[in-house]
Each structure stands twice: as C-alpha cells, then as structure tokens.
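This report refers to the structure that appears directly beneath it.
Computed from the coordinates by the stated procedures, all read-outs in this text should not be read as laboratory data. Note that the coordinates shown come from a computational prediction; the quantities given were computed from them, not determined experimentally. Every residue, glycine among them, receives a Cβ derived from its backbone with ideal geometry; neighbour counts consider all protein chains shown.
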Amino acid sequence: MIKGIHHISMKCKTAEELQRVKDFYIGVLGMKLRRQWDGGIMIDTSNGLIEVFCGEQGEHRKGVIRHVAFETDDVDKTAEKVAQAGYEVFVQPNTKIIASDPEYPLRMAFCLGPLGEEIELFSEL
C-alpha cells in the first residue's frame with residue numbers, strides 16, 4: 001500500500017553544483033538539511049525529501065516529469081526571494097481558477113532551480 005511520496009531524486013555533476021543546490025533549497029527556500037554523506041544530501045521539504053547525488057555522469061535534461069510543486073503560504077514573497085537570489089522566475093505569480101468540480105482556485109509561479117529544474121511555487125486559495 002502506497003503511503004505517499006518519500007523523496008524525489010536529482011543529480012549534479014560537481015561539488016559547486018551541490019553547493020548551489022544547498023544554497024537554493026536551504027538558504028533561499030528555507031528547507032532543512034536532513035542528512036549528508038560523501039557524494040550526496042537529503043533535504044527535508046517538511047512532507048517529503050529531496051535526494052541529491054553528486055558526481056553522476058550525464059547531462060541535465062527534462063524527462064516525463066515536468067516540474068516539482070512546492071506549497072507555500074505566500075507565492076509572491078517566495079518568488080521575490082527566488083528572484084532576488086538570482087534565479088529566473090519565468091512565470092510570474094498569478095491566480096488561476098481551474099474549471100473543475102468544485103472549482104479549484106490557486107496562486108502560482110514558476111522558477112528555475114540551480115540544476116535547471118522547473119519548480120512551481122503553489123498555494124491553494
């Protein structure tokens with residue numbers, strides 16, 4: 001029986017990329033370092049983990065998973081903090097109402113993370 005998402009996994013190639021990952025997720029977004037080991041870290045999102053391995057060969061590219069969405073109390077302030085840290089916010093904060101039953105109002109923005117990953121900053125209204 002599935003109980004939820006335990007972690008998402010990313011890879012970086014260098015120690016510098018790993019440091020940028022730490023700076024972004026811990027320093028900018030305020031997540032906590034859960035554990036680290038030689039060549040990797042786990043960051044606590046408060047309802048799941050981000051696992052990052054370093055030194056992997058290959059290229060950064062987008063696959064079938066399009067983005068990761070992080071829930072926040074204030075999309076606008078979080079997007080502003082991301083932009084001030086020098087990261088691209090490529091969809092500015094905006095409000096949408098998804099025409100579902102019942103309707104689904106939300107506030108969202110999209111940014112790029114330190115490895116080029118797409119991140120949605122999200123809040124249900």
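For the stretch 66-125, the pair-distance distribution built from all alpha carbon pairs, in bins 5 Å wide starting at 0, is 4, 20, 29, 24, 13, 6, 3, 1 percent.
The fraction of Cα-Cα pairs per 10 angstrom bin, counted from 0 for the chain, comes to 12, 41, 35, 11, 2 percent, rounded to whole percents.
Our helix-only sum for the chain, with -39,500 (n - 2.57) per DSSP H run of n ≥ 4 divided by its residues, gives a mean residue ellipticity at 222 nm of -4000 deg cm²/dmol.
Entry for the stretch 1-56 at q = 0.13, 0.19 Å⁻¹: log10 I(q)/I(0) = -0.30, -0.61, Debye formula applied to identical alpha-carbon scatterers, no solvent contribution. GNM remark for the chain: springs join alpha carbons under 10 Å apart, and the peak mean-square fluctuation among V64, V52, V82 falls on V64.
Kindly put F90, F70 in sequence by how many other C-beta atoms sit within 10 Å of each C-beta, fewest to most. Walk me through the intermediate numbers first.
Values: F90 10, F70 20.
In order of increasing Cβ crowding within 10 Å: F90, F70.
For L49, the residues 5 or more places off, or on other chains, whose built amide H falls under 5 Å of its own are H7, I8.
Compared with the direct C-alpha span, the chain from W37 to I8 gains 8.7 nm at full extension, assuming 0.36 nm per residue.
Each of V64 and E80 was given a label point 7 Å from its Cα along the Cα-to-Cβ line. The distance between the two points is 4.0 nm. In sequence order, the stretch 88-93 has phi-based couplings of 6, 9, 8, 10, 5, x Hz under the Karplus curve 6.51 cos²θ - 1.76 cosθ + 1.60, θ = phi - 60°, and Gly or Pro positions carry x. Shown is the FRET efficiency for D44 and I97, computed with R0 = 35 Å from the Cβ-Cβ distance and rounded to the nearest 0.05: 0.65. Can you tell me the orientation of helix 75-84 relative to the chain, as the angle in degrees between its alpha-carbon axis and the longest Cα principal axis, to the nearest 10? Once rounded, one gets 40 degrees.
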